[in-house]
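Take a look at the structure set out below.
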DNA sequence: GCAAGGTC
C-alpha cells in the first residue's frame, strides 16, 4: 500500500482498474464494494463500475472497467494481401507486420483513453498468465499514450474472492515485459509461418486438384491433423496377431485369469497346458481388502471437454459454446481454466448451499452440508488465473434454454458436488488358484458405500461376485486352451484427441476445441459421432509431408517454440533472437518445399489417386472383423512408388484371405481348432478339447507342404461313413502314420475308442455315394499298393464290419498310440522342443550334441523317421517303398539277374 | 482467402 502514500497530499485519488473481461470487472467491483454504480460505455458489454475504496490510508475513487481479451492483432499491411503477387518466402521472412487495434475494439480503446485521462493511477487486473501480461501492456500503452503521467500497477490474483483481491491490492507489482514479449514472439512466429505456408500450399494445390477450401497450415492445426492421420494409419496397417492363454473355470462357472496373461506362442501355451492339465485346483489364497474409487479432480476446461464428448456426446466445440453461454448468464464460473484445484480462499460450502433447494440433487447437497462434506482433491495444475469450473447459481431443468444446455449444467454441478463428496468404498476379494505349476486368479468387488457415485453417473464402478472359498480348498476345475486375436487400435475419439493435444502442448485450454474445429472446416478431417477421421485430403497432405521427409505435422515444432517462448519469458533470450532463429529454420523448410514443388504435386496427386476408394464416412467402430484392406495395400505400394496392376491387387487380396482363414472347428465338439506346423511342413489342426489332431487339408496352390503320406489322403474324410456301434457318432477315415495304414476312428475319441482297422496294402481310400446292396452301408473306392498280392489294384468295397459283401473288417478298440493323428500333448511338446534345438552331430532336432542318443527321438520325429526310413530303404531296383523282408533280396534284382 | 490467442 506504500505505493499510494505519496498520493495522500492530493486528497482522494482516482484509480482506473482494467480487467481482461467484463465478468471479472463486475466480480471485482462486487467483491470490493457492493454499493458500486454502473455506467454504460460505447462498448455494450464493457461497463464502467464506480465505487469508493480505501487503498491503505488513501481514499480512492475506483473506476473499474474491462477489455475483451487482446486489443491488438498482428497483420500484414494491405500491399501484401494479394497472394499471387508475393513469394511466400518474403511473407515469411521480410514482409513487415503491423500490431494494430482492430476495428471491433475501437470503442474499448476510446474507453481507455477517456478514463485514463481522468485517473492518476492504473491497476491492471488482467489474467495472471502470459497472454494476460501481454494484454496488460496493450492496455497500459493506450493509457500512457493519453496520460503519460499515469502510474501503472499490476495486480496478481488467482480467484475473485475478497481475500484474493485484497491480497492483490496489498502486493501490487509492475507488469512483466518478458512475459509479454514471449507472447509477441509467439504471435509473430505463428502469423509468419501460418500465412506463408498456407499461401504456398494453397497456390500449389488448390487449383490443380480442384479443392474447395484453402490448404491452410498452422503450427497447431497441422499437428492436430497429424494425430488424426497417425491413428488412421495405425488402424489401417494393423495386422492381427493370434495369442493363446489357459482358461480355468470352476464348477460355478467362474472363470479365472491365467497369471501369465496372453502368450503369443501357441507351443509354449500347449506345453504349459500339458504340464498343468488336471481337474483339480487348490485355493492358495483368498484375500479381502477395502478399496476406494477416487472422486474426480476439480474440473478444468480440458477435462470438461473430454467429459462432454465422452459422456454427453456433445463435441468440445459445442460444449464450450454452451458453457460460455451459461457463464454469461451467471450460472457457472469462467469455463476457460487450466486449474484443477480449488484455492483455499473460495467458500465451497456456500456454493453447495446454493444447490440445496434444487429439485434433483437438493437433498444430496443438503446431506453434504450436514454430514458428508469432504474437501475436494487438489490436482497439480494451476493457471493462477481461474478456479476450476463450478456452478455459481442454481438452475433447474425448466430454466435451461436447450436440453443440451441442461446436460452441460448438470455435468458441471454434479461434478462439483462429486468433488465435495467422499470417495466410493468397496470390498475387493482376490482368489488365487494353483493348478500344478500354473497360477490363476479372480477378483471380485462389492461396493459398500457409493458416496460420490450417487450424484455422479459419469463414472462407473462395476461389481462382480466371486465364489466363497477358503484357503486350502480343493475345487473341481475345467482347463481349456483358448485363443484370441489382438485388436487394432480403436478409432480416435475427440476426447482422446484433446488428451493428445494437451499432453503435447498443442493449443491451450481455450483453443484446443477450435483447432479440432478448424481441421474439419478445412476439410482435413471429419467427425462422425465422437469419432474423428482424416479425409482423403488430410491423409494425402500428411502422407506427402512424411514421404518427402518433412516433419511439419509433428508436435515437436510446437514444443520447440514453447521452449523458446519460455526462454523469453524468463528473460534468458530476447524476443527477436528466437523469432529470427525460428523464421530462419522455417525459411529453410519453405525453400526446400519450393524446390520440391513438382515432387509434392506428383506425390500428393498419387496419394489422392491411391485413396480414391478410401471411405472417410465409414466408421471403424467395430474393428474386430478388420482385415488388412485394399487401401492399406495401396498406400504401402505408393510408398514403394510401384503401383501394382489390378490383377496383382486381386491376387494379394486372395492371399490375405487365405492367410487369415483359420477358423476351423472340431467336428466333434465344435471348439476352434489350433494349427500347428510340423517339422515336415504339414499342418496339424488340434482340438484342445477332445485332444485330437487332424491334418489340415492344404490349398491346392501350396503343394510345398504336402508330404507323400497325404497325397493319398481322401479329401472327404470328414464326411459321413457309418455310425459307431458304441456311441453312434460318425466313424471317420483316419490314417495311422506309425503303420502307414488307414482305419476308421470314432469321432467320439478319446471318450470312445472304437475303430475298424484296414489292411496295410490299401494305399488310398475314398468314400463314394454308392451303397452296399446287402447292408446299405456307404461303399469305398480303395486302391492297393504296387506290392499288393491282389490282382485288382482298385476296388469298390463295403467296409462295414461283418458285411460279407466286402472286405472282412471288425470293430476293435484302438490304442491311443495307434491313432497317429491323435497325438497327445507330450508328443506334440517333444515335437516342438525338437523344432527348437538341433543336434550338430546327427542333425536331428530335439537334443543337442552332448545329449545325442536315440532316446531323444520324439513322437513327431518318430513318424518322420519311419517315413524317412522307408524312403531310405526304397529299393533302387524295384522302386518299392519299404524294406524287403529281412534276408530277402529284391525280386526285381532277381529278374534282372535272370535276364542278364 | 493466411495463424493462434485472447474475448462476447
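The values are calculated or read from the model by the stated rules, or taken from the named source; none is laboratory data. What you see is a predicted model, and the numbers here were worked out from it, not measured in a lab. Ideal geometry is used to build each Cβ from the backbone, glycine not excepted, and the neighbour counts take in all protein chains shown.
The one condition from (1) in the same structural domain as residue A:260 (by TED's automatic domain parsing); (2) not in a helix (DSSP H, G or I) that residue A:452 does not meet is (2). Note on the range A:362-387: residues that are in a loop (DSSP other than H, G, I, E, B) and either at pLDDT below 95 or surrounded by fewer than 20 Cβ atoms within 10 Å (Cβ to Cβ) (or both) total 14. Is it the case that the range A:507-515 has a residue that's under 28 Å from residue A:262 (Cα atoms) and crowded, with 16+ Cβ neighbours inside 10 Å? The answer is no, given that none of the residues of the range A:507-515 is under 28 Å from residue A:262 (Cα atoms) and crowded, with 16+ Cβ neighbours inside 10 Å. Comparison of A:24, A:31 shows that the only residue that is in a helix (DSSP H, G or I) and either in contact with a helix residue (DSSP H, G or I) (Cβ under 8 Å, 6 or more places away or on another chain) or away from DNA strand B (no atom under 16 Å from the Cβ) (or both) is A:31. Considering only residues that are surrounded by fewer than 21 Cβ atoms within 10 Å (Cβ to Cβ) and closer than 30 Å to residue A:376 by Cα, which ones fall in the range A:271-295? Of everything in the range A:271-295, those that are surrounded by fewer than 21 Cβ atoms within 10 Å (Cβ to Cβ) and closer than 30 Å to residue A:376 by Cα turn out to be A:288, A:289, A:290, A:291, A:292, A:293, A:294.
Residues are listed down the side, and each one gets a yes or a no for (1) closer than 24 Å to residue A:495 by Cβ; (2) within 6 Å of DNA strand B (Cβ to nearest atom); (3) in contact with a strand residue (DSSP E or B) (Cβ under 6 Å, 6 or more places away or on another chain):
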| position | (1), (2), (3) |
| --- | --- |
| A:194 | no, yes, no |
| A:199 | no, yes, no |
| A:205 | no, no, no |
| A:212 | no, no, no |
| A:216 | no, yes, no |
| A:222 | yes, no, no |
| A:228 | yes, no, yes |
| A:232 | yes, no, yes |
| A:235 | yes, no, no |
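Kindly check whether there is at least one residue in the range A:462-479 that is within 27 Å of the chain's Cα centre (by Cα), touching a residue at least 40 places away in the same chain (Cβ under 8 Å), surrounded by fewer than 18 Cβ atoms within 10 Å (Cβ to Cβ) and at negative phi. No - not one qualifying residue is present in the range A:462-479. Only one of the listed residues (A:412, A:446) is farther than 30 Å from residue A:269 by Cα, buried (at least 22 other Cβ atoms within 10 Å of the Cβ) and not assigned by TED's automatic domain parsing to the domain that holds residue A:133. That residue is A:412. When we screen A:332, A:346 for residues that are in contact with a helix residue (DSSP H, G or I) (Cβ under 9 Å, 6 or more places away or on another chain) and within 14 Å of DNA strand B (Cβ to nearest atom), the only hit is A:332.
A quick yes/no check of all residues on (1) surrounded by fewer than 19 Cβ atoms within 10 Å (Cβ to Cβ); (2) in contact (Cβ under 8 Å) with a residue 40 or more places away in the chain; (3) part of a helix (DSSP H, G or I); (4) on the phi > 0 side of the Ramachandran plot:
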position: A:190; (1), (2), (3), (4): yes, no, yes, no
position: A:200; (1), (2), (3), (4): no, yes, yes, no
position: A:208; (1), (2), (3), (4): yes, yes, no, no
position: A:211; (1), (2), (3), (4): yes, yes, no, no
position: A:225; (1), (2), (3), (4): no, yes, yes, no
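Evaluating residue A:395 against the criteria (1) in contact (Cβ under 8 Å) with a residue 24 or more places away in the chain; (2) at negative phi; (3) surrounded by fewer than 19 Cβ atoms within 10 Å (Cβ to Cβ); (4) assigned to a loop (DSSP other than H, G, I, E, B) leaves one unmet condition, (3). Within the option set A:131, A:109, being assigned by TED's automatic domain parsing to the domain that holds residue A:46, closer than 23 Å to residue A:583 by Cβ and surrounded by 15 or more Cβ atoms within 10 Å (Cβ to Cβ) holds for one residue only, A:131.
Is it the case that residue A:298 is at pLDDT 95 or above, within 16 Å of DNA strand B (Cβ to nearest atom) and surrounded by 15 or more Cβ atoms within 10 Å (Cβ to Cβ)? No. When you look at residue A:514, is it farther than 30 Å from residue A:369 by Cα, outside any strand (DSSP E or B) and either within 16 Å of DNA strand B (Cβ to nearest atom) or in contact with a strand residue (DSSP E or B) (Cβ under 7 Å, 6 or more places away or on another chain) (or both), yes or no? Yes, satisfied. For residue A:480, indicate whether it is touching a strand residue (DSSP E or B) at 6+ places or on another chain (Cβ under 6 Å), away from DNA strand B (no atom under 16 Å from the Cβ) and part of a strand (DSSP E or B). Yes: the conditions hold for residue A:480.
Could you check the range A:66-87 and list, in sequence order, the residues that are within 8 Å of DNA strand B (Cβ to nearest atom) and either out of contact with any helix residue (DSSP H, G or I) (no Cβ under 8 Å at 6 or more places or on another chain) or closer than 30 Å to residue A:41 by Cβ (or both)?
Answer for the range A:66-87, where residues must be within 8 Å of DNA strand B (Cβ to nearest atom) and either out of contact with any helix residue (DSSP H, G or I) (no Cβ under 8 Å at 6 or more places or on another chain) or closer than 30 Å to residue A:41 by Cβ (or both): A:66, A:67, A:68, A:69, A:70, A:71, A:72, A:73, A:74, A:75, A:81, A:82.
Under the condition of being in a helix (DSSP H, G or I) and crowded, with 17+ Cβ neighbours inside 10 Å, the residues counted in the range A:53-88 number 2.
Residue A:217 meets the stated requirement of being assigned to a loop (DSSP other than H, G, I, E, B) and at pLDDT 95 or above. Working only within the range A:234-270, note down all residues that are buried (at least 18 other Cβ atoms within 10 Å of the Cβ) and outside any strand (DSSP E or B). Matches in the range A:234-270: A:235, A:236, A:254, A:266, A:267, A:269, A:270.
If the condition is being surrounded by fewer than 20 Cβ atoms within 10 Å (Cβ to Cβ) and either within 16 Å of DNA strand B (Cβ to nearest atom) or in a loop (DSSP other than H, G, I, E, B) (or both), then the range A:531-550 contributes A:548, A:549, A:550.
Consider the range A:740-783 and keep the residues that are modelled with pLDDT under 75 and in a strand (DSSP E or B). The one that is nearest to residue A:812 (Cα to Cα) is A:746. Considering the range A:88-97 alone, what residues qualify as being within 10 Å of DNA strand B (Cβ to nearest atom) and either in the same structural domain as residue A:592 (by TED's automatic domain parsing) or within 12 Å of residue A:74 (Cβ to Cβ) (or both)? Selection gives A:95, A:97.
Taken over the range A:98-116, the criterion of being touching a strand residue (DSSP E or B) at 6+ places or on another chain (Cβ under 9 Å) and either more than 8 Å from DNA strand B (Cβ to nearest atom) or farther than 20 Å from residue A:39 by Cβ (or both) is satisfied by A:98, A:99, A:100, A:101, A:102, A:109, A:111, A:112, A:115, A:116.
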